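What follows is a single structure, written as structure tokens, with notes after it.
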Amino acid sequence: FEEVFDPKALTEIFADDVERVIGPAWIGSITREDFLPCHGKETRLLLAEDWKAFDRFLSKNFQEDVQVSSLESDRSPTVAVFQEGEIVAAASYEILGEQVAHIGVLALPAFRGKGFAAKAISQITELALAENLGIQYQTLV
């Protein structure tokens, strides 16, 4: 199974068409009926005055992690989890095919594996479901 992520093996199959390999990744979806929110009052939609803090948050992460997350400044909607006035995790979505919210998420390295990203995903999922969008979520494993 691991050989499917080996750049050398992929280059043998696809020649020079392989630029880089990211993965393995997990892709999931959820329906309104199965959704169980887990966000609280520390998680909220970003306002105009929050974008500078959001840019600081992005700059504190590894650049490749920011790229993989697909988070961007000034994309609406974007939600964030705040701790002591600072953003520690954020999530947003791009609409694919006018029907699916493809969710991107990122947490500061020191806050990963502690449930902060889950809170951001929960809030953005709730917003997307309210817009009657299907949900798709991808993360590296």
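The values are calculated or read from the model by the stated rules, or taken from the named source; none is laboratory data. Model, not experiment: these values are computed from the prediction. In this analysis, Cβ positions are derived from the backbone assuming ideal geometry, glycine residues included, and neighbour counts consider all displayed protein chains. Surface accessibility is based on the protein's heavy atoms, side chains included, excluding ligands, DNA and RNA. Shrake-Rupley method; radii C 1.70, N 1.55, O 1.52, S 1.80 Å.
One residue alone among Leu71, Leu46, Leu10 is touching a Leu at 6+ places or on another chain (Cβ under 9 Å) and surrounded by 10 or more Cβ atoms within 10 Å (Cβ to Cβ), and that residue is Leu71. The requirement of being under 24 Å from Gly134 (Cβ atoms) and at pLDDT 75 or above is fulfilled somewhere in segment 45-61, by at least one residue.
Only one of the listed residues (Ile103, Ile95) is of a type in the set (Val, Ile, Thr), assigned to a strand (DSSP E or B) and open to solvent by 20 Å² or more (accessible area, probe 1.4 Å). That residue is Ile95. When residues of segment 74-87 are filtered for being closer than 15 Å to Gln123 by Cβ, open to solvent by less than 80 Å² (accessible area, probe 1.4 Å) and at pLDDT below 95, how many remain? Adding up the residues that qualify gives 1.
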